[in-house]
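The values are calculated or read from the model by the stated rules, or taken from the named source; none is laboratory data. Small disclaimer: the values here were computed from a predicted structure and weren't measured. All Cβ positions, even for glycine, are placed from backbone atoms using ideal geometry, and neighbour counts span all protein chains on display. Surface accessibility is based on the protein's heavy atoms, side chains included, excluding ligands, DNA and RNA. Shrake-Rupley method; radii C 1.70, N 1.55, O 1.52, S 1.80 Å.
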Amino acid sequence: MKVSFVKDQLPPAGTIVVMVSPDGGMSDAAREVNDKSGGLLTRALEVNGKRLKAGSFIDLFLPANLDYSRVLAMALSADSKTTVLALEEAGGQLAVKLRSLKVKEAGVASARGLPLEFEPDFVAAKLATGALLRTYEFKKYRTAADDDEDKCEAPSLQFAVGNPDTAEFDRVRTQSEAVFRGRDLVSEPANVLYPESFADACEELTRFGLEVEIFDRAKLQELGMRALLGVNQGSVREPRVAVMRWNGGGDAAPVALVGKGVCFDSGGLSLKPAAGMQDMKWDMGGAAAVFGAMQAVAARKAEANVVGILGLVENMPSGSAQRPGDVVKAMSGKTIEILNTDAEGRLVLADILWYTQERFKPQIMINLATLTGAIITALGSEHAGLFSNDDTLAERLIETGGVTGDRLWRMPLGKDYDKHIKSDIADIKNVGRGRAAGSIAAAVFLQQFVNDRPWAHLDIAGTTWSSRDLPLCGKGATGFGVRLLDELVARYYEA
Ligand code: BES
Ligand code: MN
Ligand code: ZN
């Protein structure tokens, strides 16, 4: 899908899209179509009982007295009860509709004239965002010969707007591209995307003006990141940590974003069952979200300081792999008894959270991780789990997630749960009490490596990948977290 924004101009022929309200009210453009066609739209609305479901369409094919081959009237609700997210989802529905009609190009008229709670140009920007996000596909590995069903190219949409030269429209594109980059990384198989190649991708972000440092094994040993290194110990791949910095905010303490980047999680010697193991190529969804967010803030030159830290490893079984029962000393000095090598994400995060906090003294620290299967049991794919030691940060995240569609549900932390990770021989162990409170045990484990700084942990195991189509995303990688973090920075942490 391509989108463009042009000043007040619709194509002279072909397909156009006009907006009507669910109760049959017409936008200026819809009214014009109706007048020129001798009331065709009025009649079509009558046939439909004068009420349309929001997001449904009336398809006027070869309308009389018009040069258009097709006019698609879309029922858009944009009153005071309509959310920004609903507008984006309407854009997604529009894109799906056009694709199913095999329309290659369409002009989208302004919603001006409808009772709108938003500026018409804002509505256009949100429709365009939704259309872009919904039609993303990862087709890199489909060879042309094998691509019959996809012959119909993604449609391109031309939006008629009052002023196409605003930052709003730039952001539609830069933010969607950042989401796509995050989705691409999540979709890549683990033979292509491994710690070193992921780090290479990070280095390419310098073209957006980010400062990027990559730590190799020797540097990680020197730093004492033994918990992270232990996870990678069974792999033939080299581990990496990436540090990306966007300095747009003078000397304010940075916002720190920390991502779990387990490029493949076989479970290690505590090997996972074969069925479903392929999903563990996306056990780097947290790192991908942080990557996308860093690209998004840099691309729009955010007036904020943001650091992104990724722990990039592969969890494999082998003769050199970490064993159940091993004890490692984390960078912070805490000792960890490893009772299950498949609880590896928290080990990676232990060291990079500690490092981030010590080096950057961030004003807030947020980590994202596909951390536990238990969060899927608790919340399904409707919400990611949110754990935080700070109510203000938690509320900001929930609020922002409601706007971007990255929905969060707050889960508890606390002393009672700290007991779940007491070890017999070390300071803590890397598992809790079996099936009881698995996601919370993982969260309180992470909290051991965070001092009193405002911190939030997002367990995105249920939301990074979708097995079905969603309003803003086809099935597959969702890009969960990218827009949430970009918007959070925009709302609360910019000068
Ligand atoms: N990466 C997995 C969690 C996961 C499961 C993500 C399913 C996405 C979908 C994590 O490393 C893991 O294996 N967690 C274990 C922890 C357990 C051994 C304490 C789990 O959830 O089973
Ligand atoms: Mn695991
Ligand atoms: Zn994992």
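Values as computed for the structure displayed
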{"quantity": "Residue that is farthest from Ala29 (Cα to Cα), among those in the range 58-86 that are of a type in the set (Ser, Thr, Tyr) and touching a strand residue (DSSP E or B) at 6+ places or on another chain (Cβ under 7 Å)", "calculated": "Ser69"}
{"quantity": "Residue list for the range 66-121, restricted to those being among the β-branched types (Val, Ile, Thr) and closer than 12 Å to Gly55 by Cβ", "calculated": "Thr82, Val96"}
{"quantity": "Contacts under 7 angstrom Cβ, first residue in the range 273-284 being within 12 Å of Val313 (Cα to Cα), partner in a loop (DSSP other than H, G, I, E, B) and of a type in the set (Ser, Thr, Tyr), 6 or more apart", "calculated": "Asp283/Thr370"}
{"quantity": "Test for Ile375: is it of a type in the set (Val, Ile, Thr), in contact with a Lys or Arg (Cβ under 9 Å, 6 or more places away or on another chain) and open to solvent by less than 50 Å² (accessible area, probe 1.4 Å)", "calculated": "no"}
{"quantity": "Only one of Asp326, Asp351 that is among the acidic types (Asp, Glu), at pLDDT 95 or above, more than 13 Å from ligand 2 (Cβ to nearest atom) and over 33 Å from the mean Cα position of the chain (by Cα)", "calculated": "Asp326"}
{"quantity": "The range 70-96, residues that are open to solvent by 20 Å² or more (accessible area, probe 1.4 Å) and hydrophobic (A, V, I, L, M, F, W, C)", "calculated": "Val84, Leu85, Ala86, Val96"}
{"quantity": "Ile16 being in contact with a helix residue (DSSP H, G or I) (Cβ under 6 Å, 6 or more places away or on another chain) and among the β-branched types (Val, Ile, Thr)", "calculated": "no"}
{"quantity": "Pairs where the first residue, in the range 338-361, is within 16 Å of Ala441 (Cβ to Cβ) and in contact (Cβ under 8 Å) with a residue 60 or more places away in the chain and the second is in a helix (DSSP H, G or I) and within 8 Å of ligand 1 (Cβ to nearest atom), C-beta under 6 Å, 6+ apart", "calculated": "Arg346/Ala442"}
{"quantity": "1 or more residues on the phi > 0 side of the Ramachandran plot, modelled with pLDDT of 95 or more and not β-branched (Val, Ile, Thr): qualifying strands (runs of 3 or more DSSP E) within the range 377-495", "calculated": "none"}
{"quantity": "Considering residues of the range 25-71 that are within 20 Å of Glu89 (Cα to Cα) and in a loop (DSSP other than H, G, I, E, B) only, the residue modelled with the lowest pLDDT", "calculated": "Arg51"}
{"quantity": "Output for the range 265-278, where each listed residue is within 14 Å of Leu193 (Cα to Cα) and either near ligand 2 (Cβ under 10 Å from one of its atoms) or acidic (Asp, Glu) (or both)", "calculated": "Asp265"}
{"quantity": "Wholly within the range 245-364, strands (runs of 3 or more DSSP E) carrying at least 3 residues that are surrounded by 24 or more Cβ atoms within 10 Å (Cβ to Cβ) and away from ligand 1 (no atom under 11 Å from the Cβ)", "calculated": "255-265, 305-315"}
